[in-house]
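A.B. asks: Here's a structure for you.
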């Protein structure tokens, strides 16, 4: 891994970070904050809280690079991502280790994240076949042609939970489409963003096409307000997604914001016990529950107590510091444990308690153990709000329709799954659940490319999805040309 141009501080593993603008690192003046590793609580770097002036500089660089980049044939632009994909593979273990260090995931989860990033880069290399125009003779002697053009300078604001994958949801497609881009990664996990910039540079991406601006609220607001930015994508909490969406659309930008989730897994009495228990346990604890596709609510229909017992046994096999990573911060740990304590005080039953988890030799790390809470009622806070931790709330329903009413009452609509051996009941749920991504006997129903990722309701603001074929519409604009070269053609309403 390269060392930034700023000096390395002896007590930190990584150098103080700089912004990456116009193909190189820029020294930063102003305020810096510590970057902690959730694994042990150590300060591993410092990250600048960039001002609006830094955003202005990045936009100016991206704007300067845009005309030349946009004029390149899409097949040539895609070649960068062939090389980038190979670099992700070449540096696979290094990138995974970096994710684990700054985010707190297990190394296996970090490897899985890089694997998805590789898949995203591979999809971008298929855009020359997907972004083809159309031509049709619409009347005698009159032809209409359509073709896709890039928007200009675009921005992507990404969260802490997937430091490499979520940037790669947007970067390959947006840039291959001909745009130039500014990435604003979460200030809690800034290291992977700089590494992406370095690999893209190594892959031959011209200066200014991709830029990284670090920071917090001021940087986000500057991106939303800047007249030189044509589109903004955002992934994070629903609360912030709404703020970004209102502010950026208020400045007449194209905007797509993905927010939070409260995903329900409906478990029916005929579900396969072993498969259901293992899938639910993996869904609730994967990435320490810090993903918008995690199972956070299970709706038990009828008598499924044997499945719940098996689920509890499965969760006890998931050990913090071994096959369960840390949560992102001390504040997150306190918030998650607060939800558990409040649910218990309101009468819910704690079947598996992950509070006060400690890991040997990492006592300062931020760990919450798997937690299963039974007899949660719909009005409880833990039943309605996104906990974003390895916590499963079990709600009871006597019928499938009651379970669907519980699922559909959520303000969110990211994902829903049903566990059953009945194809008819599975289809019944799939047709009626108010969510954008549905699973049948799958705890994390993430679509793979070319299918796109995106939820409904308050899990998404804006049209289209952030990945797959749907993203092409977001990152491009359509030009239509009507031509007539035959003066002898009969004149009609078209000409």
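Rule-based calculations on the coordinates, nothing more; no lab input. Computed from a predicted structure; not experimentally measured. We place every Cβ from the backbone using ideal geometry, glycine too, and count neighbours over all the protein chains shown.
A.B. asks: In degrees, nearest 10, range 0 to 90: what is the angle between the Cα axis of helix 52-71 and the longest Cα principal axis of the chain?
C.D. replies: 60
A.B. asks: Divide by every residue of the chain the summed helix terms, -39500 (n - 2.57) for each DSSP H run of at least 4, and state the resulting mean residue ellipticity at 222 nm, rounded to the nearest 500 deg cm²/dmol.
C.D. replies: Result for the chain: -11500 deg cm²/dmol, rounded to the nearest 500.
A.B. asks: Of 460, 262, how do they rank once you tally other Cβ atoms within 10 Å and put the fewest first?
C.D. replies: 460, 262
A.B. asks: Can you tell me the length gained on complete extension of the stretch residue 115 to residue 306, counting 0.36 nm per residue apart and subtracting the Cα distance?
C.D. replies: 65.2 nm
A.B. asks: Can you give me the angle between helix 92-103 and the longest principal axis of the chain, using Cα atoms only, in degrees from 0 to 90, rounded to the nearest 10?
C.D. replies: Relative to the chain, helix 92-103 is tipped by roughly 60 degrees.
A.B. asks: Using only Cα atoms and rounding to the nearest 10 degrees, what angle (0 to 90) does helix 330-345 make with the longest principal axis of the chain?
C.D. replies: The helix 330-345 is inclined about 50 degrees to the chain.
A.B. asks: Give me the one-decimal nm value for the distance between modelled label points at residue 329 and residue 408, 7 Å along each residue's Cα-to-Cβ direction.
C.D. replies: 3.8
A.B. asks: Let me ask something additional. Sticking to Cα atoms, compute the Rg of the chain to one decimal and its Dmax as the biggest Cα-Cα distance, whole number, in Å.
C.D. replies: Looking at the chain, its Cα Rg and Dmax stand at 24.1, 86 Å.
A.B. asks: Among 456, 485, 475, 169, which comes first, second and so on when ranked by fewest other beta-carbon atoms within 10 Å?
C.D. replies: The fewest-first ordering by Cβ neighbours comes to 485, 456, 169, 475.
A.B. asks: Taking the simple approach of a point 7 Å from Cα along Cα-to-Cβ for both residue 270 and residue 355, what is their distance in nm?
C.D. replies: A separation of 4.0 nm, rounded to one decimal place.
A.B. asks: Can you bin region 386-452 into rounded, prolate or oblate? Criterion: square roots of the alpha carbon gyration tensor eigenvalues sorted a ≥ b ≥ c, rounded for a/c under 1.5, prolate for a/b above b/c, oblate for the rest.
C.D. replies: Taking the square roots of the gyration eigenvalues as a ≥ b ≥ c, region 386-452 is oblate.
A.B. asks: Please figure out what share of the DSSP beta bridges in region 263-440 is antiparallel and state it in percent, rounded to the nearest 5.
C.D. replies: The antiparallel proportion sits near 10 percent.
A.B. asks: Find the Rg to Rh ratio for region 336-495, where Rh is the Kirkwood radius over alpha-carbon pairs and Rg uses the same atoms.
C.D. replies: Ratio value, two decimals: 1.22.
A.B. asks: Could I ask something else about it? With just the Cα atoms defining each centre, how far is region 383-459 from region 35-112? Give it in Å.
C.D. replies: First find each Cα centre; the distance between them is then 32 Å.
A.B. asks: Assuming a ≥ b ≥ c are the square roots of the Cα gyration tensor eigenvalues, decide whether region 1-100 counts as rounded (a/c under 1.5), prolate (otherwise, with a/b larger than b/c) or oblate.
C.D. replies: oblate
A.B. asks: With a 10 Å Cβ neighbour count serving as the proxy for reagent exposure, in which order, fewest first, do 245, 82 appear?
C.D. replies: 82, 245
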